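Input: a single structure, listed below in structure tokens.
The values are calculated or read from the model by the stated rules, or taken from the named source; none is laboratory data. None of these values were measured; they are calculated from a predicted model. Every residue, glycine among them, receives a Cβ derived from its backbone with ideal geometry; neighbour counts consider all protein chains shown.
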Amino acid sequence: MDSLSRRLVLTAKSMRAHMEARLAAEGSSLTRWIVLRSLAEEDGLSQRRLAELLSVEAPTLTRHLDRMAADGLVVRKQDTVDRRVTRIHLTPAGRKMHLGLRKVVQGLSDEFDSLLSAREAAVLDRVLSRINAHLEDVADVG
């Protein structure tokens, strides 16, 4: 029998692949979705903060933003107070794509939620929160 940690990793990997496939069918990706969602929640995030939210290095984010800007989904603007800071804003096309992808992601969420009872979902949520808290504590110490 697989260890619980191995099963968690494999399940997370499978879920990511499933989400990537659904988003790819809509002409998007998980990274693009996370950028759009983050900006829909707080438009004008700094490029640095956006990289932190995505847990990616700045050059990796720059490549994604270059493609998204070329596709007309985002624009970069220099911060009015600190010219060293670049702020990222959604365009109307980016907002439209976000709304469409939000429906896809909600459908995925509903699909996964339907696999568990309310009690099971609550237990899983508590367990995953505890594991995440532990991993954050370990990362802070290291």
Scan the range 112-124 residue by residue and report those that are assigned to a loop (DSSP other than H, G, I, E, B) and surrounded by fewer than 11 Cβ atoms within 10 Å (Cβ to Cβ). S114, L115, S117
Which of the residues spanning the range 29-41 are modelled with pLDDT under 95 and either aromatic (F, W, Y) or part of a loop (DSSP other than H, G, I, E, B) (or both)? S29
Kindly provide the set of residues from the range 8-28 that are under 14 Å from the mean Cα position of the chain (by Cα) and among the basic types (K, R), ordered by number. R16
Positions within the range 15-28 being among the acidic types (D, E) and either touching a strand residue (DSSP E or B) at 6+ places or on another chain (Cβ under 9 Å) or part of a helix (DSSP H, G or I) (or both), in sequence order: E20
Hits in the range 62-111 - residues which are aliphatic (A, V, I, L, M), out of contact with any Lys or Arg (no Cβ under 9 Å at 6 or more places or on another chain) and assigned to a helix (DSSP H, G or I): A70, A93, L99
Please work out which one of (1) within 18 Å of the chain's Cα centre (by Cα); (2) surrounded by 11 or more Cβ atoms within 10 Å (Cβ to Cβ) is the condition S129 fails and give its number. (2)
Every pair of residues 6+ apart whose Cβ atoms lie under 9 Å, when the first sits in the range 12-30 and is free of Cβ contacts under 8 Å to residues at least 12 places away in the same chain while the second is surrounded by 15 or more Cβ atoms within 10 Å (Cβ to Cβ) and acidic (D, E): S29/E20
Here are some conditions: (1) loosely packed, with under 13 Cβ neighbours inside 10 Å; (2) assigned to a helix (DSSP H, G or I). D2 meets all but one. Which one does it not meet? (2)
Residue match in the range 19-26 (condition: closer than 13 Å to H98 by Cβ and either modelled with pLDDT under 95 or touching an Asp or Glu at 6+ places or on another chain (Cβ under 7 Å) (or both)): yes
Number of the exception - T80 against (1) over 18 Å from the mean Cα position of the chain (by Cα); (2) closer than 16 Å to L108 by Cβ: (2)
When every residue in the range 99-123 that is aliphatic (A, V, I, L, M) and within 20 Å of the chain's Cα centre (by Cα) is compared, the one farthest from R37 (Cα to Cα) is L108
Selection from the range 42-61 of residues in contact with a Leu (Cβ under 7 Å, 6 or more places away or on another chain) and in a helix (DSSP H, G or I) yields Q47, L50, A51, L54, L61
